[in-house]
Amino acid sequence: MYSFLIISSLWITALASSLAGPITWWSPLQVAVIAYLYTGLFITAHDAMHGTAVRSKRGNTIIGTICALLYAGMQYGRLYRNHHLHHAHPADGQADPDYHPSNKLIPWYLTFMWRYATISQVLVMAVAFNVLKIWVAEPNLWLFWILPAFLSSFQLFYVGTYRPHRMPQQPALPHNARTMRRNHLVAMLTCYFFGYHQEHHLSPGTPWWRLWRVKDAARG
């Protein structure tokens, strides 16, 4: 719960202040911060899928739904089903919805985005964009709302899907998942410890803020 409250509050504050302010020389830093907080929203929804955002199943569904909606008008139920298929069949070209048999970065990313896009998502985002235009300058919307979301999607894909699950995999790798080297600061900055991906597959019930402990335990 604390993770959800902290990340969502910081995201709302950073986004609202940027949308209301001018575009300046330090706007790229604002974009980077908002993108990072977008990633945190999705990671929180991801933890909810594994039942670790809060203790109750209903609470996880509520938090996951809110985070997925705030992230990009996404359907939590669709995310939940596909993500558990991914855990059941990681890097299986037939059964894993997050894997792409080309093993190439750009086709994989584009297919990844397409598979999760829905008509309802497009409608929600279109309505939100046009309503926000009443109060917010359109360049601010593109720079501080749309762009960070796309940057975040690539960050999540690259760190949490492409790098750990691309082929060829070594036969000894559990769950067809690589993991990044042990550096907790880098792991936190790159994707909320999600780069410790083998550890995540080995212990999916561990929330993101404790994955570094799984990494340390495995190293020990």
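Which one of these is loosely packed, with under 13 Cβ neighbours inside 10 Å and either at pLDDT 95 or above or not aliphatic (A, V, I, L, M) (or both): 77, 51?
Exactly one residue qualifies, and that residue is 77.
When you go through (1) touching a residue at least 12 places away in the same chain (Cβ under 8 Å); (2) assigned to a helix (DSSP H, G or I) one by one for residue 29, which number turns out not to apply?
Condition (1) is where residue 29 drops out.
Identify the single condition in (1) closer than 27 Å to residue 174 by Cβ; (2) small (Gly, Ala, Ser); (3) surrounded by 16 or more Cβ atoms within 10 Å (Cβ to Cβ) that residue 8 does not satisfy, given that it satisfies every other one.
Among (1) closer than 27 Å to residue 174 by Cβ; (2) small (Gly, Ala, Ser); (3) surrounded by 16 or more Cβ atoms within 10 Å (Cβ to Cβ), the lone unmet condition for residue 8 is (1).
Of the residues 141, 147, 156, 185, which single one is among the hydrophobic types (A, V, I, L, M, F, W, C), surrounded by 19 or more Cβ atoms within 10 Å (Cβ to Cβ) and modelled with pLDDT of 95 or more?
On inspection, the qualifying residue turns out to be 156.
Conditions: (1) at pLDDT 95 or above; (2) farther than 28 Å from residue 13 by Cα. Residue 114 meets all but one. Number of the miss?
(1) is the only condition that residue 114 fails.
The conditions are (1) at pLDDT 95 or above; (2) loosely packed, with under 12 Cβ neighbours inside 10 Å; (3) of a type outside the set (S, T, N, Q); (4) more than 26 Å from residue 15 (Cα to Cα), and residue 131 fails exactly one of them. Which is it?
(4)
Quick one: which of 68, 91 is among the aliphatic types (A, V, I, L, M), under 20 Å from the mean Cα position of the chain (by Cα) and at pLDDT below 95?
91
Looking for whichever is under 24 Å from residue 1 (Cβ atoms), of a type in the set (A, V, I, L, M) and more than 16 Å from the chain's Cα centre (by Cα) here; the options are 136, 54, 127, 131. Which one fits?
Within the list 136, 54, 127, 131, the selection yields 54.
Which fully enclosed helices (runs of 4 or more DSSP H) of the range 77-189 have 1 or more residues being without any contact (Cβ under 8 Å) to a residue 60 or more places away in the chain and of a type in the set (Gly, Ala, Ser)?
Fully inside the range 77-189 and qualifying: 119-132.
What are the residues in the range 55-74 that are surrounded by fewer than 17 Cβ atoms within 10 Å (Cβ to Cβ) and part of a loop (DSSP other than H, G, I, E, B), if any?
Passing the criteria: 55, 56.
The values are calculated or read from the model by the stated rules, or taken from the named source; none is laboratory data. This one's a predicted model, so the numbers in the text were calculated from it and none came from an experiment. Glycine gets a Cβ as well: all are built from the backbone with ideal geometry, and neighbour counts include every protein chain shown.
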